[in-house]
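The values are calculated or read from the model by the stated rules, or taken from the named source; none is laboratory data. The model shown is predicted, which means the values in this text are computed figures rather than measured ones. Cβ atoms come from the backbone with ideal geometry, glycine included; neighbour counts cover every protein chain shown. Each accessible area value is taken on the protein alone, full model and side chains, heavy atoms only, with ligands, DNA and RNA left out. Shrake-Rupley method; radii C 1.70, N 1.55, O 1.52, S 1.80 Å.
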Amino acid sequence: MDVVDQSRLTRNSITVVLLELILEATFVANNTKKFLCRSGATCFSLFHSPPHTSVEVHAQEEEVVIALGSNVGDRLHNFNEALQLMNKSGIHITRHACLYETEPAYVTDQPLFLNSAVRGITKLGPHELLGVLKKIEKDLGRTDGIRYGPRPIDLDILFYGKLKIQSEILTVPHERIWERPFVMAPLMDLLGSYVDSDTIACWHALSIHSGGLFKSWEKLGGESLIGKDGLKRVLPIGNHLWDWSQRTSVMGILNLTPDSFSDGGKFQSVEAAVSQVRSMISDGADIIDLGAQSTRPMATRVSAEEELDRLIPVLEAVMKMPEVEGKLLSVDTFYSEVASEAVGKGAHIVNDVSSGQLDSKMLSVVAGLKVPYVAMHMRGDPSTMQNSENLKYENVCEQVASELYLRVRDAELSGVPAWRIIIDPGIGFSKNTESNLDLLNGLSNVRAEIEKRSLGLTRAPMLIGPSRKRFLGDVCGRPAAVDRDPASVASVTAGVLGGANIVRVHNVRDCLDAVKLCDAMLKRRRSI
């Protein structure tokens with residue numbers, strides 16, 4: 001197809017309706033065509049206009065996709081700075097892909113890249129958008145160098161609304177999407193398995209393959225490429241990039257409370273807490289989750305100040321332990337103030353049972369902290385989560401997934417990128433015994449339901465925490481929480497085989513053995 005010169009496309013005075021009329025007339029005059037996407041959406045291909053023609057258009061908000069790459073300096077910092085500058089420059093970011101570490105293409109003698117992509121909304125015209133992105137690249141230190149060579153930041157427009165654009169300086173869709181797994185992988189993350197808008201349908205229709213973007217990804221190798229051929233999906237945590245697909249991680253629980261359902265009051269002193277951390281690390285824990293507020297059913301809420309009084313002395317002491325080197329520390333809190341203070345003292349992860357519902361500042365604070373965020377499903381709060389209304393489900397896996405997705409979308413819109421999010425279906429929180437069993441049986445169904453809306457979020461690490469929960473006692477006839485360790489091992493086994501990536505447990509030693517066996521089974525299954 002021929003394509004209109006877009007260099008004169010600006011955002012001035014007339015409406016999109018008038019633009020469509022102009023385009024229709026232009027199409028007829030130039031024997032051009034418009035085509036229908038499979039969904040019935042109309043996609044426009046714009047063609048070269050006469051050299052002295054100027055079409056001034058009032059730009060309504062357009063949805064765009066922008067790819068990010070970096071392999072010079074602090075790559076993640078470059079991404080964070082670029083996202084902030086984009087938001088300040090009229091590009092409202094609405095969705096983030098996962099984060100990938102990739103081997104360089106074309107010019108191979110250079111450092112590894114980080115790659116990702118974002119979807120956003122902008123009123124900038126396509127060439128205005130290009131100018132803004134080039135300025136951001138320059139502001140972040142990019143200079144002219146060899147093509148495909150090292151760069152602190154690389155920002156490319158992959159899609160702009162429903163338009164196909166070709167000018168001397170801009171081609172949309174980006175002409176080399178289809179040959180680059182490091183571009184296609186994050187692009188796929190920004191989609192859902194269901195085509196839910198005309199714009200998304202047009203993006204699929206603009207693919208060089210008749211099956212749309214999904215077919216293009218499949219032609220490159222699809223998900224089989226992840227983890228090999230220089231393409232790893234990673235989550236930035238602490239001072240490294242975590243590839244959670246390699247093995248299941250074990251998170252040890254440290255309750256610094258007098259009223260937790262299992263071990264309340266046992267680890268309130270700094271000495272007892274440090275001893276328990278030492279024991280869990282010796283048993284093989286990868287992560288220590290410190291909680292200073294009980295979230296058991298009907299727990300009385302304490303203030304952020306009281307929570308901090310319990311937490312900070314222990315956290316400071318734990319940070320000084322030689323054994324903690326190489327381990328990760330998580331803070332279990334729904335207070336933004338506690339999260340901020342804990343991260344400032346060295347915690348690596350914020351684990352929020354409310355997904356931002358119990359503190360209106362939590363999501364924006366976590367976005368600023370730039371640490372991984374565990375978003376868990378719960379209805380109500382600990383005092384109300386087990387009431388009859390909050391226990392009602394028609395299909396627990398579908399509804400948990402749908403409600404959790406909405407919470408995670410809130411986090412994304414607040415600036416927490418998908419590459420920092422860990423999802424938790426909330427076993428034991430606003431669920432009865434049957435619902436908990438359905439969730440353990442249906443973790444893959446939770447992912448499948450999220451996948452309809454976001455491929456990227458369904459690929460996030462999943463954490464489960466069934467350890468010593470009441471439903472295990474109901475099933476096994478064990479009223480005392482400390483007698484539920486065998487059932488906890490069984491529930492962890494079911495969860496890992498069902499797709500969990502992190503298990504949160506009290507008994508690290510026995511659960512780690514279960515995890516190791518499950519990982520070996522899964523590795524064997526994949527090899528066959």
Per-bin percent of Cα-Cα distances, segment 138-264 [5 Å]: 2, 8, 13, 15, 15, 14, 12, 6, 5, 4, 4, 2, 1, 0
note: segment 436-528, Cα-Cα separations exceeding 24 Å make up a percent value of 25 percent
Considering only protein heavy atoms, what is the solvent-accessible area of S340 at a probe of 1.4 Å, reported in Å² to the nearest 10? 50 Å²
Counting only residues 5 or more apart in sequence or on a different chain, those whose built amide H sits under 5 Å from that of L191 are L455, G456
Under unit Cβ charges (Lys, Arg +1; Asp, Glu -1), what dipole magnitude, rounded to 20 debye, does segment 62-234 have relative to its Cα centre? 100 debye
Top positive-direction residue, dipole computed over the chain with Cβ charges, set L99, N80, P417: L99
Working with all protein chains in place, sort L497, L522, L463 by solvent-accessible area computed with a 1.4 Å probe, largest first. L497, L522, L463
Given just the C-alpha atoms of segment 62-234, how large is their convex hull per residue in cubic angstrom? 111 Å³
With every protein chain left in place and a probe of 1.4 Å, what is the accessible surface of K327, to the nearest 10 Å²? 50 Å²
Surpassing 18 Å at the alpha-carbon level, of the pairs K345/K370; K266/K320; K88/K138; K392/K431; K228/K523, are K266/K320
Interatomic Cα distance distribution for segment 161-201, bins of 5 angstrom, percent: 6, 18, 22, 26, 20, 7, 2
Work out the FRET efficiency for I208 and K266 from their Cβ-Cβ distance, taking R0 = 60 Å, and round it to the nearest 0.05. 0.45
With no solvent and one equal point scatterer placed on each C-alpha of the chain, evaluate the Debye formula and give log10 I(q)/I(0) for q = 0.12 Å⁻¹, two decimals. -1.12
At 7 Å along the Cα-to-beta-carbon direction for both D483 and E218, put a label point, then send me their distance in nm to one decimal. 5.4 nm
So what's the net charge close to P236: Lys and Arg +1, Asp and Glu -1, counting the other residues with Cβ under 13 Å from its Cβ? +2
Quote the FRET efficiency, to the nearest 0.05, computed for D283 versus Q110 with a Förster distance R0 of 41 Å and r equal to the Cβ-Cβ distance. 0.45
Got a sec? Which residues in segment 336-356 would a label at E306 touch, if it sits 7 Å along Cα→Cβ and we count backbone N under 16 Å? 338
Translational diffusion coefficient of segment 189-280 at 10 °C, 1.306 mPa s, Stokes-Einstein with Kirkwood Rh over Cα pairs, in µm²/s as a whole number. 88 µm²/s
The extension gain from D74 to R409, computed as 0.36 nm times the residue separation minus the Cα-Cα distance, is 117.9 nm
Which order do M378, M188 take by accessible area at a 1.4 Å probe, largest first? M378, M188
Between N387 and Y148, the FRET efficiency computed from the C-beta separation at R0 = 56 Å comes out, to the nearest 0.05, as 0.45
Residue-level accessible surface for S282, protein heavy atoms, 1.4 Å, Å²: 100 Å²
Mind listing the phi-derived Karplus ³J(HN,Hα) values for segment 459-468, rounded to whole Hz, using 6.51, -1.76 and 1.60 with θ = phi - 60°, and x for any glycine or proline? 8, 5, x, 10, 9, 10, x, x, 3, 6
How much accessible area per residue does segment 313-374 have, counting only protein heavy atoms and a probe of 1.4 Å, in square angstrom? 36 Å²
At most 11 other C-beta atoms within 10 Å and a DSSP loop state: those are the exposed GluC sites (Glu not before Pro) I care about. Give me the longest piece of the chain that has none. 1-167
Test of understanding: express the Cα radius of gyration of segment 247-526 as a ratio to 2.2 N^0.38 Å, with N the residue count. 0.93
Where the only charges are on Cβ atoms (+1 Lys, Arg; -1 Asp, Glu), what is the dipole of segment 247-526 about its Cα centre, to the nearest 20 debye? 940 debye
Work out how far the C-alpha atoms of segment 363-427 reach from end to end along every principal axis, then list the three figures in whole Å, largest first. 37, 24, 18
Which cross-chain or sequence-distant (5 or more) residues have an amide H under 5 Å from the amide H of L158, H modelled 1.01 Å from N in plane? V65, I66, A67
Counting Lys +1, Arg +1, Asp -1, Glu -1, what net charge surrounds G344 among other residues with beta carbon under 13 Å of its beta carbon? -1
Carbon and sulfur together cover what percent of the accessible area of segment 224-369 at a 1.4 Å probe radius? 47 percent
How much length is gained if the chain between S89 and K320 is pulled fully straight, taking 0.36 nm per residue apart and subtracting their Cα-Cα distance, in nm to one decimal? 78.9 nm
Let me check something: with ligands and nucleic acids excluded, how do R484, R524 order by accessible area (1.4 Å probe), largest to smallest? R524, R484
Of all accessible heavy-atom area on segment 102-175, the percent that carbon and sulfur account for (1.4 Å): 49 percent
Using the Cα centre of the chain as the reference point, and only Cβ charges (+1 on K/R, -1 on D/E), how large is the resulting charge dipole? Debye, rounded to the nearest 20. 900 debye
What aspartates and glutamates sit close enough to K162 to cross-link, taking a C-alpha to C-alpha distance under 13 Å and skipping anything fewer than 8 places away on the same chain? E20, E61, E62, E63, D198
Environment charge at V353 (Cβ cut-off 14 Å; Lys +1, Arg +1, Asp -1, Glu -1): -1
Per residue, how much accessible surface does segment 149-251 expose to a 1.4 Å probe? Answer in Å², no decimals. 40 Å²
